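See structure below.
The values are calculated or read from the model by the stated rules, or taken from the named source; none is laboratory data. For clarity, every value in this text was computed on a predicted model and none was experimentally measured. Quick reminder, even Gly has a Cβ in these numbers, built from the backbone with ideal geometry, and neighbours come from all protein chains shown. Only protein heavy atoms, including side chains, enter the accessible area calculation; ligands, DNA and RNA are left aside. Shrake-Rupley method; radii C 1.70, N 1.55, O 1.52, S 1.80 Å.
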Amino acid sequence: MPDFPSDLRYAATHEWVRVDGNRATVGISDYAQTQLGDVVYVELPEIGTQVESEGEVAVVESVKAASDIYAPVTGEIVDTNDELENAPETVNADPYGEGWFFIIEMSDEELSNDLLTAEAYAAHCQEEGD
């Protein structure tokens with residue numbers, strides 16, 4: 001059973017968000033990395049890029065498929081996890097820790113109501129899997 005930490009919020013497109021002040025660290029969920037299989041490549045955004053909530057920001061490729069990564073919040077990319085370029089498998093090993101993708105300085109401190117709690121996201125994944 002995939003792990004859904006309750007301190008995070010989740011997008012229906014399988015990104016997670018950890019908010020600290022006006023900064024949102026973003027990665028993909030344990031469920032998403034399990035569905036993808038072995039991650040072999042991650043394309044990260046440029047620092048300074050302005051992103052819109054639900055806009056395409058990055059790409060993750062696995063042995064099975066390539067998937068777009070969407071911004072769960074609006075703002076500016078202020079940091080990226082460059083370690084993923086040399087060790088993309090970190091996404092599989094530690095999706096909520098060292099496997100984070102990028103940090104967005106949010107233009108609005110309020111999280112979108114479209115972001116799900118851990119419980120709601122677990123139910124979403126269950127429905128998707130059925």
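Below are the figures for this structure:
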read-out	value
Residue pairs meeting the criteria (Cβ under 7 Å; at least 6 apart or on separate chains; first open to solvent by less than 10 Å² (accessible area, probe 1.4 Å), in segment 17-33; second in a helix (DSSP H, G or I) and not acidic (D, E))	I28/V91
Those residues of segment 1-30 which are in a strand (DSSP E or B) and hydroxyl-bearing (S, T, Y), in sequence order	Y10, T25
Yes/no for E54 being at positive phi and under 15 Å from the mean Cα position of the chain (by Cα)	yes
Output for segment 34-45, where each listed residue is among the hydrophobic types (A, V, I, L, M, F, W, C) and either open to solvent by 70 Å² or more (accessible area, probe 1.4 Å) or part of a strand (DSSP E or B) (or both)	V39, V40, V42
Residue list for segment 1-11, restricted to those being open to solvent by less than 50 Å² (accessible area, probe 1.4 Å) and under 14 Å from the mean Cα position of the chain (by Cα)	F4, P5, L8, Y10, A11
All positions within segment 57-79 that are open to solvent by less than 20 Å² (accessible area, probe 1.4 Å) and more than 12 Å from the chain's Cα centre (by Cα)	S62, G75, I77
G48 vs. criteria surrounded by fewer than 15 Cβ atoms within 10 Å (Cβ to Cβ), touching a strand residue (DSSP E or B) at 6+ places or on another chain (Cβ under 7 Å) and under 19 Å from R23 (Cβ atoms)	yes
Neighbours by Cβ (under 9 Å, 6+ apart or cross-chain): first from segment 113-130, among the hydroxyl-bearing types (S, T, Y); second open to solvent by less than 50 Å² (accessible area, probe 1.4 Å) and assigned to a helix (DSSP H, G or I)	Y121/Y31
In segment 86-119, residue least open to solvent (accessible area, probe 1.4 Å) [restricted to those that are acidic (D, E) and more than 15 Å from I47 (Cα to Cα)]	D94
Residue satisfying condition, being more than 23 Å from D20 (Cβ to Cβ), at pLDDT 95 or above and not charged (D, E, K, R), within set Y96, Y121, Y41	Y41
